[in-house]
Amino acid sequence: MYSKMEVIVIKQLEERIQSEGRVLGEDILKVDGFLNHQVDPHLMRDMGQAFAERFATSGITKVLTVESSGIAPALMASLALGVPMVFARKHKSLTLTDDLYTAKVYSFTKQVENQISISKHFLDKNDRVLIIDDFLANGQAVTGLLEICQRAGASVGGVGVVIEKRFQRGHELIVDQGIPLLALASIAGFEDGHVVFSHEGE
Ligand code: 5GP
């Protein structure tokens, strides 16, 4: 069941996907106009609010994501929840000198394996985490973040994604572990280059 607020945000997001999204090949959606390149701050704010309301009573102390496209929705959710946001880094940096939690993540869109890292300073056993990402496909990015939480001894209160592709494995992978999942737009499939939404969560 979606709340009234979620229904409004979902409608807004679906309209943007329908009007601006481009289907690439069999299973990729390009939404560079508001999420993956240019960012719409009003839509991000509303989506952050929706994530925050859904997980308001989950005891969240930190929002976790992976750079770079997860940062905008994660930041808005963290602002609405009043907790910090931490993004896992994909690239080694001269400034990343702390002790790190790491996990390997196979990138669905880039088809390469990345090592993602989070400093041990910013996650520990007292944390309860909300994981946020832009897309949920096969669940590799979320799985990498779950592994890092496990290594840190942090608990996970939920996962929020802007867009899930319901026909890929990620959704089951998360809910089968008993982790609450909120996907704002749920795509059942692509037909002739058009997006077909799934409304099974209503
Ligand atoms: P997963 O790890 O769940 O297999 O894939 C999720 C990650 O791959 C997301 O962080 C996102 O960056 C990227 N991704 C997966 N599918 C899509 C897609 O259809 N469009 C875009 N723009 N990114 C995607």
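Read the figures in this text as sums done on the coordinates, not as results from a lab. The model shown is predicted, which means the values in this text are computed figures rather than measured ones. Here the Cβ is made from the backbone with ideal geometry for all residues, glycine too, and neighbour counts use every protein chain on show.
The residue list ALA88, ALA77, ALA52 contains one member that is part of a strand (DSSP E or B), surrounded by 16 or more Cβ atoms within 10 Å (Cβ to Cβ) and within 16 Å of the chain's Cα centre (by Cα), which is ALA88.
Scoring ASP133 on the criteria (1) within 16 Å of the ligand (Cβ to nearest atom); (2) acidic (Asp, Glu); (3) within 16 Å of the chain's Cα centre (by Cα); (4) more than 14 Å from VAL156 (Cβ to Cβ) leaves a single failure, condition (4). Taking the criterion of being away from the ligand (no atom under 15 Å from the Cβ) and under 19 Å from LEU130 (Cβ atoms), would at least one residue in region 26-42 satisfy it? Checked against the condition, which is being away from the ligand (no atom under 15 Å from the Cβ) and under 19 Å from LEU130 (Cβ atoms), region 26-42 yields no hits at all. Candidates are the residues of region 1-23 that are among the small types (Gly, Ala, Ser) and exposed (fewer than 12 other Cβ atoms within 10 Å of the Cβ); the one that is farthest from ASP134 (Cα to Cα) is SER3. Restricting region 173-202 to residues that are assigned to a helix (DSSP H, G or I) and in contact (Cβ under 8 Å) with a residue 12 or more places away in the chain leaves a set whose member that is surrounded by the most Cβ atoms within 10 Å (Cβ to Cβ) is ILE174. Pairs meeting the criteria (first residue in region 95-119 and assigned to a loop (DSSP other than H, G, I, E, B), second residue near the ligand (Cβ under 10 Å from one of its atoms) and among the small types (Gly, Ala, Ser), beta carbons under 9 Å, at least 6 apart or on different chains) are SER107/ALA141; PHE108/ALA137; PHE108/ALA141; THR109/ALA137. Within the bounds of region 186-201, is there any residue that is farther than 24 Å from GLY48 by Cα and within 11 Å of the ligand (Cβ to nearest atom)? Within region 186-201 (the criterion being farther than 24 Å from GLY48 by Cα and within 11 Å of the ligand (Cβ to nearest atom)), the answer is yes, since at least one residue qualifies. Listed by first and then second residue, the pairs with beta-carbon distance under 8 Å, at least 6 apart or on different chains, first residue in region 24-39 and assigned to a strand (DSSP E or B), second of a type in the set (S, T, N, Q), are ILE28/THR109; LYS30/ASN36.
Considering only residues that are in contact with a strand residue (DSSP E or B) (Cβ under 8 Å, 6 or more places away or on another chain) and within 16 Å of the ligand (Cβ to nearest atom), look in region 43-59 and name the one that is farthest from VAL129 (Cα to Cα).
MET47
Among the conditions (1) within 15 Å of the ligand (Cβ to nearest atom); (2) more than 10 Å from the chain's Cα centre (by Cα); (3) part of a helix (DSSP H, G or I); (4) crowded, with 20+ Cβ neighbours inside 10 Å, THR143 misses just one, which is (4).
Taking region 146-169 as the search range and keeping residues that are within 26 Å of PHE122 (Cα to Cα) and within 12 Å of the ligand (Cβ to nearest atom), which one is surrounded by the fewest Cβ atoms within 10 Å (Cβ to Cβ)?
Step one: list which residues in region 146-169 are within 26 Å of PHE122 (Cα to Cα), which gives 146-162.
So of that shortlist, the ones also within 12 Å of the ligand (Cβ to nearest atom) come out as 146, 159, 161-162.
Working: LEU146: 22, VAL159: 29, VAL161: 28, VAL162: 27.
Selected residue: LEU146.
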